[in-house]
């Protein structure tokens with residue numbers, strides 16, 4: 001049996017009960033070394049199998065092979081396994097392991113956990129877009145950003161900047177400004193649910209110069225989003241019904 005488990009934002013309290021139950025059953029836990037580290041002190045009887053970054057297919061195959069050999073195995077990632085996570089490649093490879101039962105165990109993705117830190121920025125229709133062009137051409141990413149901005153969606157931006165992609169957030173902001181005002185309320189959260197968590201609120205015009213990194217999730221409001229008592233809030237519209 002292979003469980004594909006989203007660990008949530010980081011600390012143990014951010015994990016779902018279903019994820020905890022799945023991990024408690026497993027004799028082996030497979031994952032990227034940074035995510036394995038999040039489980040320090042937990043599930044001590046399970047052996048760890050970890051790899052470095054950019055070895056996703058290798059991790060999936062290792063987990064499937066262990067499960068084929070009779071272990072109950074957890075393949076872990078941060079956030080939700082189905083949102084930029086390991087569920088997709090593992091299920092693709094799973095076709096080569098017909099004897100392995102696979103269960104995807106959902107977790108709390110960064111859009112949800114980061115939104116809770118800021119307030120309620122995603123209380124209306126929203127889009128989630130990754131700025132990483134490692135697997136998706138930038139032209140496709142830019143088209144999706146523009147479509148979401150044109151539709152006045154609230155937006156959660158994943159992977160806003162890295163050493164190799166230092167200008168991607170600024171480029172995204174320029175696309176957003178084609179359809180959203182420069183005073184649009186935005187927010188950001190770094191190291192969600194982990195030691196050293198930081199957050200802040202800014203305008204869209206200020207967002208392009210934000211010193212974000214791969215541990216930062218960025219939130220862009222819609223035309224109605226405002227700051228209420230220091231919190232980023234997108235109204236649902238109920239007050240207009242009273």
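Computed values, structure above
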item: Lone qualifier among 189, 185, 233 - being surrounded by fewer than 22 Cβ atoms within 10 Å (Cβ to Cβ) and within 27 Å of residue 8 (Cα to Cα); result: 233
item: Complete set of residues in segment 187-200 that are in contact with a helix residue (DSSP H, G or I) (Cβ under 7 Å, 6 or more places away or on another chain) and on the phi > 0 side of the Ramachandran plot; result: 193
item: When residues of segment 216-230 are limited to those that are surrounded by fewer than 18 Cβ atoms within 10 Å (Cβ to Cβ) and touching a residue at least 24 places away in the same chain (Cβ under 8 Å), the one nearest to residue 173 (Cα to Cα); result: 223
item: Yes/no for residue 80 being within 19 Å of residue 194 (Cβ to Cβ) and in contact (Cβ under 8 Å) with a residue 60 or more places away in the chain; result: yes
item: Residue satisfying all of: in segment 1-26; buried (at least 22 other Cβ atoms within 10 Å of the Cβ) and either without any contact (Cβ under 8 Å) to a residue 24 or more places away in the chain or touching a helix residue (DSSP H, G or I) at 6+ places or on another chain (Cβ under 6 Å) (or both); nearest to residue 90 (Cα to Cα) among these; result: 4
item: Residue match in segment 149-170 (condition: part of a helix (DSSP H, G or I) and more than 16 Å from residue 206 (Cα to Cα)); result: yes
item: Count of segment 114-137 residues which are touching a residue at least 12 places away in the same chain (Cβ under 8 Å) and either out of contact with any strand residue (DSSP E or B) (no Cβ under 8 Å at 6 or more places or on another chain) or in the same structural domain as residue 10 (by TED's automatic domain parsing) (or both); result: 1
item: Count of segment 201-232 residues which are closer than 12 Å to residue 119 by Cβ, touching a helix residue (DSSP H, G or I) at 6+ places or on another chain (Cβ under 9 Å) and outside any loop (DSSP other than H, G, I, E, B); result: 4
item: Segment 27-59 - residue that is in contact with a helix residue (DSSP H, G or I) (Cβ under 9 Å, 6 or more places away or on another chain) and without any contact (Cβ under 8 Å) to a residue 24 or more places away in the chain and, of those, surrounded by the fewest Cβ atoms within 10 Å (Cβ to Cβ); result: 41
item: Selection count, segment 174-191, where residues are over 16 Å from residue 209 (Cβ atoms), assigned to a loop (DSSP other than H, G, I, E, B) and modelled with pLDDT of 95 or more; result: 4
item: Residues of segment 81-104 satisfying the condition of being crowded, with 24+ Cβ neighbours inside 10 Å, outside any helix (DSSP H, G or I) and either at pLDDT 95 or above or touching a helix residue (DSSP H, G or I) at 6+ places or on another chain (Cβ under 8 Å) (or both); result: 81, 86
item: Helices (runs of 4 or more DSSP H) lying entirely in segment 1-68 (those with 2 or more residues that are out of contact with any strand residue (DSSP E or B) (no Cβ under 9 Å at 6 or more places or on another chain) and more than 30 Å from residue 134 (Cα to Cα)); result: 17-25
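The values are calculated or read from the model by the stated rules, or taken from the named source; none is laboratory data. All of these numbers come straight from a predicted model, not from anything done at the bench. Neighbour counts are summed over all protein chains in view; Cβ atoms, including those assigned to glycine, are modelled from backbone coordinates with ideal geometry.
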